[in-house]
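The values are calculated or read from the model by the stated rules, or taken from the named source; none is laboratory data. Note that the structure is predicted; figures quoted are calculated from it, not measured. When we count neighbours, we look across all protein chains shown, and the Cβ atoms used for this are built from the backbone with ideal geometry, even at glycine.
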Amino acid sequence: MKEGKHNIKRSPSKLTDLMIFRNRWWQHLIFWGLALAILFNIFNSSGSIEKIDVIYTSIFVLPLVAVVYLNLYLAIPRFLRGEKYFLYGISALVLMGGGALFLYFLFESWIDLVLPGYYFISYYSIPVLMLYTGSFLILSTLLKLSRSWFMLLRVERMSSTHQLQSLQSQINPHFLLNSLQTIYALSLEKSERSPEVILQLSDILKYNLYDTAQPTVKLEKEIRMIRDYVEMYRHRVDHEKAEIKLEVKGEARDQVIAPMLLLPFIENAFKHGLRSEMSDTFIHVQMELQEAMLKFRVDNSHGKSDGVDLENNKGIGIENTRQRLLLLYPGKYHLDIDEKANKFTVKLSIELNP
């Protein structure tokens, strides 16, 4: 097998399953096969398979086929999909009544002209025959709408997946750029801590490469990565001018979270909270775990001259995190970003488990 290519062999049963569920002709054949079997059991009163019952059932289903396909390929596309519900209702009644009348006269007199050698009796009245035509019409409509709904849902999920992948691919290089800048600053100082920081970055990139490919990761792994990132950044700042705190309350157990979701807020805090011209700078990161709830808070110092509005921030990290929260945790999170004269505060609460 050549590298980069994968040969997948499917068993005949799996191929058959794919053919049945994806091929429209197979779907129709199965539908009418089941319809014939059900109608035969209804019409067969003797309990044994008789030729007359097979012929009667086969002829009975033909007008139902016409009703179903006129509904699928004429009434639904022209009226129902066009949101002309009144006209669709009228057309459905016409199909039901027309099919019932056709069946009634077919077995009342017309069938004798076609098959004079058999004696057929019209067992059902027109209202009962309308129940048959109406049942098939309603069932075919529901199947058609459900198929369209599932296809739409699949397209929406694919769209959301592609959007999330795009957002993730934008966040990761942004994070890597900030990390490399930290190592570059230490290398300029010829710091002995450079190997330690490179090792921490290696662990972070390993996490980023192998764990973030999944939709969710263990919360404890995400916290460990944040610890490494904060510790890596400590080496870059002057401890006499800056205060960096990371506090985690509670215990991470089986909770999961979208990967790299919290880091952009911490990156933003380091970017704007540790400016060289500022004194007494600080960054405080707090995480509180309460069962399925995560409370996350970042406070960082901010000078008036920064001119940065977090609420309308257009940076990659913050903006992408907003969009990821909307896609991944709709109705399950609360984000509050507050800017004061000398402090930025980000508060995020997420319901992690469904």
Assuming TYR229 fulfils every condition listed in (1) assigned to a helix (DSSP H, G or I); (2) under 20 Å from LYS343 (Cα atoms); (3) not charged (D, E, K, R) apart from one, which condition is it? (2)
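Only one of these is touching a Lys or Arg at 6+ places or on another chain (Cβ under 7 Å) and either touching a residue at least 12 places away in the same chain (Cβ under 8 Å) or not assigned by TED's automatic domain parsing to the domain that holds TYR329 (or both): LEU261, LEU219. Name it.
Numbers: LEU219 fails: touching a Lys or Arg at 6+ places or on another chain (Cβ under 7 Å).
Sole residue among the options that is touching a Lys or Arg at 6+ places or on another chain (Cβ under 7 Å) and either touching a residue at least 12 places away in the same chain (Cβ under 8 Å) or not assigned by TED's automatic domain parsing to the domain that holds TYR329 (or both): LEU261.
Within segment 340-354, can you find the residues that are in a strand (DSSP E or B) and surrounded by fewer than 16 Cβ atoms within 10 Å (Cβ to Cβ)?
In the first step, residues of segment 340-354 are kept if they are in a strand (DSSP E or B); the result is 343-351.
Matches in segment 340-354: LYS343, GLU351.
Does LEU186 satisfy the condition of being on the phi < 0 side of the Ramachandran plot, buried (at least 19 other Cβ atoms within 10 Å of the Cβ) and not assigned by TED's automatic domain parsing to the domain that holds ILE283? If you could, list the steps in order and put the result at the bottom.
Numbers: on the phi < 0 side of the Ramachandran plot: yes; buried (at least 19 other Cβ atoms within 10 Å of the Cβ): yes; not assigned by TED's automatic domain parsing to the domain that holds ILE283: yes.
Judged against the criteria, LEU186 is a match.
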I need a count of the residues in segment 66-83 that are surrounded by 14 or more Cβ atoms within 10 Å (Cβ to Cβ) and within 32 Å of the chain's Cα centre (by Cα). 6
Against the definition (modelled with pLDDT of 85 or more, assigned to a helix (DSSP H, G or I) and either β-branched (Val, Ile, Thr) or surrounded by 10 or more Cβ atoms within 10 Å (Cβ to Cβ) (or both)), how does VAL54 come out, yes or no? no
Taking segment 338-354 as the region of interest, how many residues are within 31 Å of the chain's Cα centre (by Cα) and more than 15 Å from HIS284 (Cα to Cα)? 6
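Condition check ((1) in a helix (DSSP H, G or I); (2) at pLDDT 80 or above) across all residues:
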position	(1), (2)
ALA185	yes, no
PRO195	yes, yes
ASP203	yes, yes
GLN214	no, no
ILE223	yes, yes
